[in-house]
Amino acid sequence: MKKFDNDLSPLGRQLLGNAGVMKFFTQSEFDTALTQAKAEIMAIAIQTTKQAIAIERNACADIALAWSQEELSEAIRHRMRPQ
């Protein structure tokens, strides 16, 4: 079980911090790292959503083509292309 920063005495923080056992961050450093991590998570979520939509549109276009709806299939595929 790890001790958290607020569970350690000042002496414990000094000993563990200087020994390289635990790295301590200031609140500002933590907030900056947390903001960066959130931004990376959101970027991945957005990219994943875009890929899922593209896969779904491609499947819809394939279904339309299978039902001899070439015009609809092309319209769906055209919607996938960047404007």
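Taken as a whole, region 34-55 holds at least one residue that is closer than 24 Å to Arg79 by Cα, touching a helix residue (DSSP H, G or I) at 6+ places or on another chain (Cβ under 8 Å), surrounded by 10 or more Cβ atoms within 10 Å (Cβ to Cβ) and modelled with pLDDT under 95.
The residues listed here are Leu16, Leu11; of these, the one that is in a helix (DSSP H, G or I), among the hydrophobic types (A, V, I, L, M, F, W, C), surrounded by 10 or more Cβ atoms within 10 Å (Cβ to Cβ) and modelled with pLDDT under 90 is Leu16.
The values are calculated or read from the model by the stated rules, or taken from the named source; none is laboratory data. Because the structure is predicted, anything quoted here is derived from the model rather than measured. FYI the Cβ positions are ideal-geometry reconstructions off the backbone, even for glycines, and counts take in every protein chain you see.
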